[in-house]
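A.B. asks: Dumping the structure here so I can ask a few things about it.
The values are calculated or read from the model by the stated rules, or taken from the named source; none is laboratory data. Fair warning: this is a prediction, and the values are worked out from it, not measured in the lab. All Cβ positions, even for glycine, are placed from backbone atoms using ideal geometry, and neighbour counts span all protein chains on display. The protein model used for the area step is the full one, side chains on, heavy atoms only, and it has no ligands, DNA or RNA in it. Shrake-Rupley method; radii C 1.70, N 1.55, O 1.52, S 1.80 Å.
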Amino acid sequence: MRLRRSSARASAPGKVVLFGEHFVIYDNPAILAAIDRRVNVTVHVNTSGSINITSDLGLIASFEGSTFHLLKGTTETKTILAPLCECARLVLSERGCNLGLDIELVSNLPESVGLGSSAACCVAITAAVDSLFHEPDRYWVCSKAAESERLIHKDSSGADCNISAFGGMMYFVKSKGFTNIYSKKELSLGLINTGKKHSTANLVSSVKKFKDINRFSFKVLASLSNAICQKAFAAIKEGDEQMLGNLMSQNHVLLQEIGVSDKTIDELVDLCLTNGACGAKLTGAGGGGSVVVLVPHNEDGSKIFFDGIGKNGWGSESIPVKVDYNGVLVA
Ligand code: PMV
């Protein structure tokens, strides 16, 4: 395919998993919301033939065929950037074009804390590179980004790429795809970042071990998660925040049972509830990461909650978030 331009920009949002993380990998439903925090990608065609990636995490590397050159960063730079290089290469090979690219990533989405930054990077890179050739199709971007995300964690459900590509709120089942959910009432969501980074791949494999050892219990927990998702779908549509909050707290108990919560997360969930939240739970893979909280949708509810969290020392780590309805954007 012929190039239609020599540079492009795209951005893609992160996400919170409101219900069903981990169980979604085993084809149970999950409910996700895209959030108003994004990864921004700029792509320029270069004449060197190599793929050069710069990230605002302080990482710079160059990929020349199978040779890796570390220009700035730590020993982890290759692990972080190589899948992103493959992501760009996948698009180039699909479009039958072997080009050198300079890729720059700027993100306001904290990474490795359950907010879908890997998926957002894959979606934004896929869209930016594809838009060098033509107007990208969201479904195509989503499916190619999900292929690339599997290089980062091979058992990925693909949920994160779907929500990042399409935005909004969705009910997602791996084998069936997604259904959008529209709420009668705006939901006031917040995030608290524990600052403890995790590896999604390690947590996913620890849950697999739990499942293999505790087959029956896992089946019961998965069916409870499934039932919570059905009720949550209805509660979101109705804008019933008390019911939704209650279901989030029930979902958190299931995540404790499969061993992905920890003391800090559990204490934060309790802290949220004592400060007026309708509900709270860990979001994403767990093992640290972030807590998602639903607060009553009125000025007092939000103020009382964030003041209370601030007094308990978590002020700088807690932020209100809005649902992003744009999904991936190309400029
Ligand atoms: O922590 P994150 O943003 O990587 O979210 C992972 C969600 C899981 O359900 C644990 C994995 C998946 O692929 O759905």
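A.B. asks: Under the rule of -39500 (n - 2.57) per DSSP H run of 4 or more residues, summed and divided by the residues of the chain, what mean residue ellipticity at 222 nm is obtained, to the nearest 500 deg cm²/dmol?
C.D. replies: For the chain, the value works out to -13000 deg cm²/dmol.
A.B. asks: Mind checking the stretch 1-97 for trypsin sites (Lys or Arg not before Pro) that DSSP puts in a loop (not H, G, I, E or B) and that have at most 15 other Cβ atoms within 10 Å?
C.D. replies: Of the trypsin sites (Lys or Arg not before Pro), the ones in loops of the stretch 1-97 whose Cβ has at most 15 other Cβ atoms within 10 Å are ARG2, ARG4, ARG5.
A.B. asks: Are there trypsin sites (Lys or Arg not before Pro) in the stretch 159-220 that DSSP puts in a loop and that have at most 10 other Cβ atoms within 10 Å, and which ones?
C.D. replies: Answer in residue order: LYS176, LYS184.
A.B. asks: For the chain, which whole percent of the accessible surface, found with a 1.4 angstrom probe, sits on carbon and sulfur atoms?
C.D. replies: The C+S portion of the solvent-accessible surface of the chain is 52 percent.
A.B. asks: Let me ask something else about it. At 1.4 Å probe size, with no ligands or nucleic acids counted, give the accessible surface of ASP137 in Å², nearest ten.
C.D. replies: Result for ASP137: roughly 80 Å² accessible.
A.B. asks: Also: ASN180 to ALA227: FRET efficiency via 1/(1 + (r/R0)^6), r the Cβ-Cβ distance, R0 22 Å, to the nearest 0.05?
C.D. replies: Between ASN180 and ALA227 the formula returns 0.55.
A.B. asks: Might you tell me the accessible area per residue for the stretch 189-321, computed with a 1.4 Å probe and given in Å²?
C.D. replies: 45 Å²
A.B. asks: Which GluC sites (Glu not before Pro) in the stretch 177-255 sit in a loop by DSSP (not H, G, I, E or B) and have at most 13 other Cβ atoms within 10 Å of their own Cβ?
C.D. replies: Passing sites in the stretch 177-255 are GLU186.
A.B. asks: Sort out the exposed loop chymotrypsin sites (Phe, Trp or Tyr not before Pro) in the chain (DSSP loop, at most 16 other Cβ within 10 Å) and tell me the longest stretch that has none.
C.D. replies: Result for the longest clean stretch: 1-181.
A.B. asks: For an R0 of 22 angstrom, estimate the FRET efficiency from the Cβ-Cβ distance between TYR26 and ALA201 and round to the nearest 0.05.
C.D. replies: 0.85
A.B. asks: Hey, can you grab everything whose amide H is under 5 Å from the amide H of LYS322? Only 5+ residues off in sequence or another chain; H modelled, so Pro and N-termini drop out.
C.D. replies: Sorted by chain and number, the residues that satisfy this are ASP36.
A.B. asks: Still on this model: Across the stretch 88-103, in residue order, what do the Karplus-derived ³J(HN,Hα) couplings come to in whole Hz, using 6.51 cos²θ - 1.76 cosθ + 1.60 with θ = phi - 60° and x for Gly and Pro?
C.D. replies: Values, residue by residue: 5, 5, 4, 5, 4, 6, 4, 8, x, 9, 9, 10, x, 9, 9, 10 Hz.
A.B. asks: For GLY279, list long-range residues whose amide hydrogen, built 1.01 Å from N in the peptide plane, is under 5 Å from its own amide hydrogen.
C.D. replies: For GLY279, the qualifying residues are LEU294.
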